Amino acid sequence: MPDPKPTPGGGACGPCGSGEAGAPAACNCDAAPRAADAVGADPTRRQFFGGAVRGAFVFLLGAVTSLVARHSQKERTVWQIDPNKCIACTNCANYCVLTPSAVKCVQHYPMCGYCKLCTGYFEPQPNALTTAAENQVCPTGAIERKALEDPYYEYNIKEELCIGCAKCVVGCVLFGNGSFALQVRHDRCVNCNECAIAVVCPADAFVRVPASQPYLLKNRDHKDEPHAA
Amino acid sequence: MKQSEQHQDLSRRRFLRGAGLLGLGGAVGMVSPRPAPAAAAAKPARATEARPAYDLERFRKTDPALVRYELAGRFDSPYPELKRLCLGPDASLWLTAGKRVVALDLQGGKKTEFTASEEVRCLAAAPDGRLLVGLKERIEVVDAQGRRQARWDAPAKKAWFTSLAAGPADVFASDAGNRAVYRLDWNGKLLGRLGEKDKAAGVSGYVVPSPYFDLEIGSDNLLWVVNPGFHRFQAFTFDGRLQQTWGDPSFAIEGFCGCCNPSYFTRLADGRFVTSEKGLARIKVYSAAGKFESVVAGPEEFPKYFENLNATPIPMDVAADSAGRIYVADTLGNQVRIYRRKESA
Ligand code: SF4
Ligand code: SF4
Ligand code: SF4
């Protein structure tokens, strides 16, 4: 192996800094240019093929990247409700092409489940805080409330009963954390090209979201709540 | 399995599991605006079926015979995002607006101001004129000119300070994040925690669904704390013995409605309570024993609170001076409203 150190006359490899200034390229560091790479030198066969292979690889990489990009641009999208825009106007119950509507209430437990007088569950001023039908806000009895360890409650929406009327959402948003919200349920929605509810939604709350992540749930960043997920 | 059966009882857990749960914050960038409706897509002609509404109308009107206060004055907050207020011993009205803390005279003239490093969530004035400023996870002590004298970190992780009370020797702080009330000395040293769940002592523990968890030291030398999930006041000795409770959940005027109410309160010089509720924005007065007495301002005084369902209802903090005037932080109107008892009342 040749001595990489300065040749007579002295010199330094710019990239690696070895040797002394003014020296010819005697350094063996990877950064040092080799004679065959000098401008004007004839490329060898190996260099030619090496270059060709590198070019082909770069081309292929570009093609694959653009294909992936195009594919991801074309990911299927579906309709969803932005719960931070929805004003719970009741149109979701009335305008879906399906009966009952594909829009259902969801209760986001990480945001709330603590209220004894839950305004998403009870009528304003109920006769008693019991599960009797006349005390419940839901006109169809779609919300099931179960006491967990005191003081927590769990809510289960019976989706076959929920008509998406948003009455529970009004109660919850007005008084509470907004853990009750409407969502288009994708096990029902037929993903109309033009969602009939989106056309009439007064809050512009319908948006297209990627089919791979089809739900929009509130979180603490929006609601600024200490216990929200 | 039949399709209808498949759709039955999709529980919260199953929904969250199946949904590929997506926090909205993270999702915003992926949401595409909905395509413009086709030209022909005018509103569908389909008639809107009548659905039973969530009916609060009867609670939005107050029986005039119960309103024993009148508006005596109001002035705009010098900055947007008015949130908390308290009265200092030198007749200063301290306001918070975002990161700013401003001292005004009782006519609204500015006396001093300073800016905190982050949003101010609560404040309390000590009898000697010092001010406690609560940030989310920190308490700062400032002098009457707004110069910082001390800074105390929260005693627990994930703190979310919501209210402060300052006595001559003790400081109390409520932490909604940990559902805890701390007793500190003026060096910031933790002396104890009050009101933790204790079945044997009949203490329920705090239920705090949202960051409204107010407290104040009474002239009875008790610490009064709102246990908001239970719509109830609890009074503790400074060493944590539960002495009194009162308050009932109700949409009716005598009770506390909705969730996390009363959101804020203050005491009048004679020991009566002034309470402020969210949802149904109403300010009321209760006797020192907790008996409903009168209304200062009913929901009809704050129509902005009903304009937009998704304008998060921001509760209105209250303070009272020695003359019995009540100062209300009208957060949506961004102004301080001052009420005095009607002469005829
Ligand atoms: S139509 Fe729009 S505003 Fe009305 S309930 Fe549905 S999503 Fe909410
Ligand atoms: S109140 Fe309406 S939206 Fe809520 S669960 Fe019942 S039917 Fe569904
Ligand atoms: S896309 Fe069609 S099925 Fe789905 S919610 Fe809208 S109207 Fe109903």
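Table for the structure above
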{"item": "Relative contact order %, region B:106-258, counting alpha carbon pairs below 8 Å whose residues are six or more apart", "result": "12 percent"}
{"item": "Loss of accessible area when A meets B, both sides summed, Å² nearest 100, probe 1.4 Å", "result": "6500 Å²"}
{"item": "Among the listed pairs A:Lys85/B:Lys110; A:Lys74/B:Lys304; B:Lys99/B:Lys291; B:Lys136/B:Lys278; B:Lys110/B:Lys291, those beyond 32 Å (Cα-Cα)", "result": "A:Lys85/B:Lys110; A:Lys74/B:Lys304; B:Lys99/B:Lys291; B:Lys110/B:Lys291"}
{"item": "Cα centroid separation - region B:260-315 against region A:112-160, whole Å", "result": "25 Å"}
{"item": "Size descriptor, Kirkwood hydrodynamic radius, that averages inverse alpha-carbon separations across region A:77-222, Å", "result": "15.5 Å"}
{"item": "Average partner coverage of B:205-214, which counts Cβ from other chains inside 10 Å", "result": "5"}
{"item": "FRET E, pair A:Ser212, B:Ser344, Förster distance 60 Å, beta-carbon r, rounded to 0.05", "result": "0.35"}
{"item": "Residues whose placed amide H lies under 5 Å from that of B:Ser77, excluding near-sequence neighbours", "result": "B:Gln335, B:Val336"}
{"item": "Rh by Kirkwood over Cα pairs, then Stokes-Einstein D for region B:85-128 at 0.692 mPa s and 37 °C, µm²/s", "result": "311 µm²/s"}
{"item": "Separation in nanometres of the label points that stand 7 Å from Cα toward Cβ, at B:Ala65 and A:Glu134", "result": "2.6 nm"}
{"item": "Computed E for B:Ala201/B:Glu293 - FRET, C-beta separation, R0 35 angstrom, nearest 0.05", "result": "0.70"}
{"item": "Cα-only Debye scattering, region B:226-345: base-10 log of I(q)/I(0) at q = 0.16, 0.20 Å⁻¹", "result": "-0.75, -1.14"}
{"item": "Complex-versus-alone comparison for region A:146-164, residues with a loss of 10 Å² or more in accessible area, probe 1.4 Å", "result": "A:Asp150, A:Pro151, A:Tyr152, A:Glu154, A:Tyr155, A:Asn156, A:Ile157, A:Lys158, A:Glu159, A:Glu160, A:Ile163"}
{"item": "Listed pairs A:Lys146/A:Lys167; B:Lys83/B:Lys189; A:Lys116/B:Lys284 exceeding 25 Å between Cα atoms", "result": "B:Lys83/B:Lys189"}
{"item": "Backbone N within region B:189-225 under 17 Å of label point (7 Å from B:Ala169 Cα along the Cβ vector)", "result": "B:189-193, B:217-223"}
{"item": "Phi to ³J(HN,Hα) by Karplus 6.51 cos²θ - 1.76 cosθ + 1.60 over region A:107-116, Hz, x for Gly, Pro", "result": "10, 8, 4, x, 7, 6, x, 9, 7, 5"}
{"item": "Under 5 Å, built H, 5+ apart or other chain: amide partners of B:Phe256", "result": "B:Asp248, B:Ser250"}
{"item": "Shielding by partners, peptide B:229-235 (average Cβ within 10 angstrom, other chains)", "result": "2"}
{"item": "Under-5 Å amide H pairs with A:Gln136, H placed in peptide plane, nonlocal only", "result": "A:Glu123"}
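The values are calculated or read from the model by the stated rules, or taken from the named source; none is laboratory data. Bear in mind the structure is a predicted one, so any value in this text is a computation, not a measurement. A quick note on method: Cβ atoms are made from the backbone with ideal geometry, for glycine too, and the neighbour counts reach across all protein chains shown. Side chains included, ligands, DNA and RNA excluded: accessible areas come from the protein's heavy atoms. Shrake-Rupley method; radii C 1.70, N 1.55, O 1.52, S 1.80 Å.
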